[in-house]
């Protein structure tokens, strides 16, 4: 089980320090990129990733909630992103996958809560990671939608049946109370934002989530 603190909930005025506070408990960092069109919120872009890259050796997982990710992929690669994750809701993602591979980045695909799980199954052979959103994307601090766990179970069964090296990530409302549910359904990576960075001790909060998801480690 991996923990991916989401910097969306961090204090951007001292982002390097915030990342340092979770470094010992984080397996990777989740970077939420929103364009104000695909989702209503507007967040960060490649310049912030470029400024963050020298501050940490953690894997930078960039979730692109944008209308046209194709125009941003080169900039994110140059900025130091390790993987970009794009939405299946935008249409056929294969050209985006090809460009990510050419740029040396990992490939991720996202499934929103209202989207049928069947929409991502044809692409499992082409990706490294499937991100299942457990809230409707756009804002941090939302409540977990438990119904998405049925989609996780379907994808977990399919990945295992095909013997694919694809990780399942879940994002939205993840905290100590919901982490065991996600783990039981078959998730590999838990993204947690406000539950980590809004805590008095972010590292301890991340550790609590990991321990709740994986009590026997």
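The values are calculated or read from the model by the stated rules, or taken from the named source; none is laboratory data. Because the structure is a prediction, the values reported are computed rather than measured. Methodologically, a virtual Cβ is constructed for each residue, glycine included, from the backbone with ideal geometry; neighbour enumeration extends over all protein chains shown.
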Subject >> Subset of segment 11-49 (residues that are crowded, with 18+ Cβ neighbours inside 10 Å, touching a helix residue (DSSP H, G or I) at 6+ places or on another chain (Cβ under 7 Å) and at pLDDT below 95) >> reply: 43
**OP:** Identify, by number, the condition in (1) over 13 Å from the mean Cα position of the chain (by Cα); (2) touching a residue at least 60 places away in the same chain (Cβ under 8 Å) that residue 92 doesn't meet.
**Re:** (2)
Original post:
For residue 52, all conditions in the list (1) in contact with a helix residue (DSSP H, G or I) (Cβ under 9 Å, 6 or more places away or on another chain); (2) surrounded by fewer than 20 Cβ atoms within 10 Å (Cβ to Cβ); (3) farther than 19 Å from residue 109 by Cβ hold save one; what is the number of the exception?
Top reply: (2)
Subject >> Count of residues meeting criterion [part of a helix (DSSP H, G or I) and surrounded by fewer than 19 Cβ atoms within 10 Å (Cβ to Cβ)] in segment 89-104 >> reply: 8
Original post:
Would segment 60-80 turn up any residue that is surrounded by fewer than 19 Cβ atoms within 10 Å (Cβ to Cβ), more than 19 Å from residue 38 (Cα to Cα) and in contact with a strand residue (DSSP E or B) (Cβ under 6 Å, 6 or more places away or on another chain)?
Top reply: no
**OP:** Could you please let me know if residue 155 is under 25 Å from residue 41 (Cα atoms), surrounded by 18 or more Cβ atoms within 10 Å (Cβ to Cβ) and in contact (Cβ under 8 Å) with a residue 24 or more places away in the chain?
**Re:** no
Original post:
Somewhere in segment 114-130, is a residue touching a residue at least 40 places away in the same chain (Cβ under 8 Å), closer than 23 Å to residue 178 by Cα and outside any loop (DSSP other than H, G, I, E, B)?
Top reply: yes
**OP:** Kindly check whether there is at least one residue in segment 195-206 that is surrounded by 15 or more Cβ atoms within 10 Å (Cβ to Cβ), out of contact with any helix residue (DSSP H, G or I) (no Cβ under 9 Å at 6 or more places or on another chain) and either closer than 21 Å to residue 107 by Cα or touching a residue at least 12 places away in the same chain (Cβ under 8 Å) (or both).
**Re:** no
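Is it true that residue 107 is in contact with a helix residue (DSSP H, G or I) (Cβ under 8 Å, 6 or more places away or on another chain), assigned to a strand (DSSP E or B), within 19 Å of residue 70 (Cβ to Cβ) and at pLDDT 95 or above?
Working: in contact with a helix residue (DSSP H, G or I) (Cβ under 8 Å, 6 or more places away or on another chain): yes; assigned to a strand (DSSP E or B): yes; within 19 Å of residue 70 (Cβ to Cβ): yes; at pLDDT 95 or above: yes.
Criteria met by residue 107.
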